[in-house]
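A.B. asks: Got a structure here, written out as structure tokens. Questions coming.
The values are calculated or read from the model by the stated rules, or taken from the named source; none is laboratory data. Nothing here was measured: the structure is a model prediction, and the numbers come from that model. Cβ placement follows ideal geometry from the backbone for every residue including glycine, while neighbour counts extend to all protein chains displayed.
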Amino acid sequence: MINIGIIGMGRMGTYHYELINNTDGLNAVAVFDKNEKRTPEIKDKCGLDLCMDIDKFLSIEKMDYVVVCTTNESHEALTLKALNAGKNVIVEKACLCTTALFGTGTTHLSVHHGCFGIPLNHRLQSVDG
């Protein structure tokens, strides 16, 4: 069983939660979101408590992967924070807001020997829906 934590439980976080929840061998174990108003919705939707402290969230030992599903401008900082915490990371595109900073992520990857992925889950979807 691969245990996964989700950062950001908006539209894309919910999409990833449903994929995780419906895939054998995957298990959502924790959710981090800054929007406290989502607490009842998250508890109702997935039965998981909402963690409001990113450091506490990343200290959960049973998490094998973290999926970053926040707004684009926060992807880089959260990805690097998760890699620094020793987590494997899957991040929604766009991974970084500037290509000049991409070297930082790959440097962290080589230091921590973590897994880092950017899913392109809609790459084959037609433009008109």
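A.B. asks: Anything in the stretch 67-94 that is of a type in the set (Asp, Glu) and touching a helix residue (DSSP H, G or I) at 6+ places or on another chain (Cβ under 7 Å)? List them, or say none. Break it down into steps so the answer makes sense when it comes.
C.D. replies: Initial filter on the stretch 67-94 (of a type in the set (Asp, Glu)): 73, 76, 92.
Answer for the stretch 67-94, where residues must be of a type in the set (Asp, Glu) and touching a helix residue (DSSP H, G or I) at 6+ places or on another chain (Cβ under 7 Å): Glu76, Glu92.
A.B. asks: Let me ask something additional. If you take the residues of the stretch 59-92 that are of a type outside the set (Gly, Ala, Ser) and over 18 Å from Ile4 (Cα atoms), which of them is modelled with the highest pLDDT? Steps first, answer last, please.
C.D. replies: Start the filter on the stretch 59-92 by keeping residues that are of a type outside the set (Gly, Ala, Ser), which leaves 60-73, 75-76, 78-81, 83-84, 87-92.
Filter once more, so that each one left must be over 18 Å from Ile4 (Cα atoms): 71-73, 76.
Working: Thr71: 86, Asn72: 80, Glu73: 81, Glu76: 81.
This residue is Thr71.
A.B. asks: Which residues, taken from the stretch 30-75, are surrounded by 15 or more Cβ atoms within 10 Å (Cβ to Cβ), out of contact with any Gly (no Cβ under 6 Å at 6 or more places or on another chain) and β-branched (Val, Ile, Thr)?
C.D. replies: Hits for the stretch 30-75 are Val31, Thr39, Ile42, Ile54, Ile60, Val67, Val68.
A.B. asks: Read through the list (1) at pLDDT 90 or above; (2) within 15 Å of Ile4 (Cα to Cα), then give the number of the only condition that Asp53 fails.
C.D. replies: Single failed check for Asp53: (2).
A.B. asks: Among the numbered conditions (1) part of a loop (DSSP other than H, G, I, E, B); (2) of a type in the set (Val, Ile, Thr); (3) modelled with pLDDT of 90 or more, tell me where Val127 comes up short.
C.D. replies: Among (1) part of a loop (DSSP other than H, G, I, E, B); (2) of a type in the set (Val, Ile, Thr); (3) modelled with pLDDT of 90 or more, the lone unmet condition for Val127 is (3).
A.B. asks: Can I ask one more? Please work out which one of (1) in contact (Cβ under 8 Å) with a residue 60 or more places away in the chain; (2) farther than 18 Å from Leu26 by Cβ; (3) not hydroxyl-bearing (Ser, Thr, Tyr) is the condition Met63 fails and give its number.
C.D. replies: (2)
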